[in-house]
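Report on the structure given below.
The values are calculated or read from the model by the stated rules, or taken from the named source; none is laboratory data. Note that the structure is a prediction, hence the values are computed from the model and not measured. We place every Cβ from the backbone using ideal geometry, glycine too, and count neighbours over all the protein chains shown. When the accessible area is computed, the model is the full protein with side chains, heavy atoms only, and any ligands, DNA or RNA have been set aside. Shrake-Rupley method; radii C 1.70, N 1.55, O 1.52, S 1.80 Å.
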Amino acid sequence: ATLSNKKTIENPRFLDKALKNIGKISRRIESNPSKKNKHSLALAHEKVRNKRNDFHHKESSKLVSKYSKIFVENLDISQMKEKHWVSRQISDAGWYSFILKCEYKAEEAGVVFGKVNPAYTSQDCSRCGYREFKKLNSIEHHCKECGLRIGRDLNAAINIKTRGLASLE
């Protein structure tokens, strides 16, 4: 996640780190499908799930305690996961779970939480509003109109914040 104040929350990639071990256990199951091996595989997946869940709780608590207003893109995550090249990364990061935790913790703490339309958040310039279409692999926003040069995710975060604040008025 990239915040509008240039801070980022890095994806710890719990599943990617555990795949070597999970693969080993899966190969053991192919040759010997015992209950013990199946249980080991279930435990490995549960360990990944628990780490991700703990990370989400800690990070969402930090956000809610630090900020009085939180805005996120209202993404259709299930549709995004249908694209095979990003599906595992989205699942590994646990976007939906993280957003849900932020939302309920914000509600409990009295923090404003809102979802904004994601259309063109990374393509509109956060300084002048000029829209420039970019490929998905582009990581930098460079506005031909005003000359602003910042990271694509930061540009989108600023646009999300601006839209969220505008929706409150």
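Under 9 Å between Cβ atoms, which residue pairs at least 6 apart in sequence (or on different chains) link something in the range 38-57 that is among the aromatic types (Phe, Trp, Tyr) with a partner that is crowded, with 16+ Cβ neighbours inside 10 Å?
Cβ pairs passing all conditions: Phe55/Phe14; Phe55/Gly94; Phe55/Phe98.
Select from the range 18-39 the residues that are over 20 Å from Gln89 (Cα atoms) and among the charged types (D, E, K, R) and write down the one among them that is modelled with the lowest pLDDT.
If we take residues in the range 18-39 being over 20 Å from Gln89 (Cα atoms) and among the charged types (D, E, K, R), then Glu30 is modelled with the lowest pLDDT.
I'd like the full set of residues that are open to solvent by less than 80 Å² (accessible area, probe 1.4 Å) and of a type in the set (D, E, K, R), limited to the range 33-53.
Hits for the range 33-53 are Glu46, Arg52.
Pairs under 6 Å by beta carbon, first residue in contact (Cβ under 8 Å) with a residue 24 or more places away in the chain in the range 136-161, partner of a type in the set (Val, Ile, Thr) and open to solvent by 20 Å² or more (accessible area, probe 1.4 Å), six or more apart or different chains?
Filtered contacts from the range 136-161: Arg152/Ile139; Asp153/Thr2; Leu154/Thr2; Ala157/Thr2.
Suppose we filter Glu108, Glu30, Glu46 for residues that are part of a helix (DSSP H, G or I) and either in contact with a His (Cβ under 7 Å, 6 or more places away or on another chain) or under 26 Å from Gly164 (Cα atoms) (or both); which single one remains?
Glu108
Would you say Asp16 is surrounded by fewer than 18 Cβ atoms within 10 Å (Cβ to Cβ) and acidic (Asp, Glu)?
So Asp16 fits the description; yes.
Condition test on Asn159, is it at pLDDT 95 or above, buried (at least 18 other Cβ atoms within 10 Å of the Cβ), farther than 24 Å from Val64 by Cβ and not charged (D, E, K, R)?
When the stated conditions are applied, Asn159 does not pass them.
Of all residues in the range 76-105, how many are out of contact with any helix residue (DSSP H, G or I) (no Cβ under 7 Å at 6 or more places or on another chain) and not in a helix (DSSP H, G or I)?
5
Please give the number of the condition Leu165 fails out of (1) open to solvent by 40 Å² or more (accessible area, probe 1.4 Å); (2) assigned to a loop (DSSP other than H, G, I, E, B); (3) closer than 28 Å to Lys58 by Cα.
All conditions are met except number (2).
Looking at the range 114-128, which of the residues that are under 16 Å from the mean Cα position of the chain (by Cα) and outside any loop (DSSP other than H, G, I, E, B) is farthest from Met80 (Cα to Cα)?
Gly114
In this structure, does Tyr96 turn out to be surrounded by fewer than 18 Cβ atoms within 10 Å (Cβ to Cβ), hydroxyl-bearing (Ser, Thr, Tyr) and closer than 13 Å to Glu73 by Cβ?
So Tyr96 passes the test.
Please verify whether the range 80-101 includes one or more residues that are without any contact (Cβ under 8 Å) to a residue 24 or more places away in the chain and closer than 15 Å to Ile160 by Cβ.
yes
Of all residues in the range 54-74 being hydroxyl-bearing (Ser, Thr, Tyr) and assigned to a helix (DSSP H, G or I), which is surrounded by the fewest Cβ atoms within 10 Å (Cβ to Cβ)?
For the range 54-74, the residue satisfying everything is Ser65.
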